[in-house]
Structures are given as C-alpha cells and as structure tokens.
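The numbers here are math on the coordinates, done by the rules we state, and not lab data. The model shown is predicted, which means the values in this text are computed figures rather than measured ones. Using ideal geometry, Cβ is built from the backbone for each residue, glycine included, and neighbour counts are taken over all protein chains shown.
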C-alpha cells in the first residue's frame, strides 16, 4: 500500500460517542481528515458505529464502567478475558495489529487522560511505529514528569495541552509545547431572561466528579426558598450519572436524559436562565482535576449565551480559563451563599442581560482562534 493511502490514527480511551466530552471533541478533531483510524478501549455502546473505530478490549469489559476498577481489571487480565495484560496487548492481538495497520497509518494523535492510559497509548504507538502528536486533555493519575506520560512527552513530535497549568508543567520538560483547546459550532438557540416563575438552573456533562459543588447548589436553593424564591434544577445527561453522584441535590433535580444532537441540547439549554458549573472546586494543590481540567461543557453554556454561575476554585485551571474569558466572579463562587446571591441577581432581567452578554463575548473570543481541528490536521500532515 503506497504512503499516499496512509491515514492518521487517533488513540484514546473513549469510543466516538456523543455521550462523552472526549468522544464529542475527538469526532470534531477527525472532521477535516478525508479518512482516519481510531483505537480505543472503552466504549459507550456494544456495537461499533464506525468500522474505522477499533475497540482494543473485550466488548463487555469495554462497555461497562463498573468493570473498570483496578482490581477487576487485574482479575480479567489474569483469567485472559481482557485483551491486555497490564500495559501490553496480548501477543496474538499485537501481531495482528502490526500486520494489519503498520502499513496503513501515516501519523498518530495520542490523547491519554493519565498514566494508566499513557501505558496503553505507548504500546499501541510502538506497535504501529509512526511519529505521533501528544494531546493532554487531563492528567487524572500520574505526573507528566515521570513514567509513561514522560516518555510520551519526550518522544512526541509535538505536544499540545488543553489548559495553561498543564502546559506550564510540560514546558519545564520540553520547550515547544502549546495550547490546543476544545471547540464547538455556534448555536441557533439563545437563552432568554426570566420573566416570571422559578429561576431555571441547568447542568450538563460529568457532574458526579464534583459532588461538593452540587451540595453547594442544594444549600443555595434552600436559602433562596426561605426567602420565597423558587429555583428549578434540570440535568441534561444519562440518569445514571446523577444516580452515582454522592450529593443531596439529587431529589431536586429534573433529569432530562441524554440529548443525542447538538440542536436538541442547545434548545434544552436555552430554555434555562443559568448554566451551573459544580467544579472543579477542590484545592489544585492536591486535586488533579482542579489542577489541570477544564470542563468542555462550559462552551455549551456560552454558545447559547447562558449566564454561568459556578463554584470553581480561583487557582484551578478552570478558574484561570474563566478569568481570561471575563466570566469571573460569578463562575468562581466560594460556596452556597455566593451561589444564592448570584442566582437572585440573575432573576432580574437587566443584570441577566449583562451576564448573558459576557457569555456571548467569551464564546466569540474562543471562536476567533484558529480551529483546533485544522491546527491538528496541519501538524499530523507535517509529521507524516
């Protein structure tokens, strides 16, 4: 097969599903490429939506998140159910992979979310044997200065990071890393101020990682109810996400379920008055999500001009991001009192319009940057 038929390979944990933020963003990054391959080991469905997206794991193990705990994973590897033993692909699979793909791939895009992902990303890139670009969305376990993450940082042709603190840590190791953020299309739907009735607060995305912030919202609503102010909370996403969240907010929430298209999501978001960000709230000194993460759902709020209220830690990566975009201080409340105060203020149309405008300007600011997908395509083409 000639090199002109080779395609870029995308490697990360998740399947190409709209159900995960990384799935959504990976689909966007694939967009400009006429053809591609994708390797992953977790999936949101038992069927593969696209034959070019290859699951390197037993489909049942890949599908059910309760099977992803370290002890269960070890057990499945030991008894030979898993496609992996630690960071190594089973020899028969590894052989098949090399035979089938080493002539097909031009360059690779590798996006681990931590050290355990990084070990698998290394194994897969070594088997395919092509130059690769590293994109760090997050480091949920491990450290970029050591282990498999460090090896990826050292060996990558280019390193991209989603957040500034992550970039700062990578720049200590190698000089030419840069930011590559998430993106989304503009929305047709636009939020409107509250005329009468309850204040409608909406949440969407992975909220179970931020139980502290959900509890803060619960307490804020209780405070407002004492003043006779009604607040309604809805969650857009799978009911399971909220079920597993350890929070007192659960009994208040109207769960709307997963919305499969951007249009449906935007319509639902724009019927609310406030988008709520439950975190990262913990001290980035010890919490890795706070140190490096930026929840991409913030873009969905901004796209429909929703004012954003959140309990984001000032010193977190998200804190720096919202400050740069002019969304502070409403997004960086320190606890329930401030959340209650902002919700009350946003029930008044004038102040609402002012905050809605800030969201719109923040979205416009991000839209003016070069498309991450185009920038990545240029880089992958260049290193091929």
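Annotation: the residues 313, 33, sorted from fewest to most other C-beta atoms within 10 Å of their own C-beta, follow the order 33, 313. Arranged from fewest to most other beta-carbon atoms within 10 Å of their beta carbon, 123, 354 become 354, 123.
Each Cα pair under 8 Å and six or more residues apart adds its separation to the average, and for the stretch 199-367 the resulting relative contact order is 24 percent.
Quick one: if the Förster radius is 22 Å, what FRET efficiency do residue 250 and residue 337 give, using the C-beta to C-beta distance and rounding to 0.05? Computed FRET efficiency for residue 250 and residue 337: 0.50. Exposure proxy shown here: for 368, 289, 155, the number of other Cβ atoms within 10 Å sets the order, fewest to most, as 368, 155, 289.
If I build a Gaussian network model for the chain, linking alpha-carbon pairs within less than 10 angstrom, which residue out of 329, 165, 70 has the largest mean-square fluctuation? Judging by the Gaussian network model, the answer is 70. Relative to the longest principal axis of the Cα atoms of the chain, helix 211-226 runs at roughly 10 degrees.
With R₀ set to 25 Å, the beta-carbon distance separating residue 96 from residue 384 gives a calculated FRET efficiency near 0.60.
If both residues of a DSSP beta bridge must be in the chain, then about 10% of such bridges are antiparallel. Sorted largest first, the spans of the alpha carbon positions of the stretch 199-367 along the three principal axes are 38, 35, 34 Å. Here the Gaussian network model covers the chain, with springs between Cα atoms less than 10 Å apart; of 339, 244, 54, 244 fluctuates the most.
Averaging the sequence gap over all C-alpha pairs within less than 8 Å and six or more residues apart, then dividing by the number of residues, gives the chain a relative contact order of 15 percent. Normalising the average separation of contacting C-alpha pairs (under 8 angstrom, six or more residues apart) by the number of residues puts the relative contact order of the stretch 82-157 at 31 percent. Within the stretch 199-367, DSSP assigns beta bridges of which about 10% are antiparallel (rounded to the nearest 5). For the chain, modelled as a GNM whose springs connect Cα atoms under 10 angstrom apart, the maximal fluctuation among 194, 172, 120 occurs at 172.
The stretch 1-44 and the stretch 187-236 have Cα centres separated by 34 Å. Computing FRET efficiency as 1/(1 + (r/R0)^6) for residue 283 and residue 219, where r is the C-beta to C-beta distance and R0 is 22 Å, gives about 0.65.
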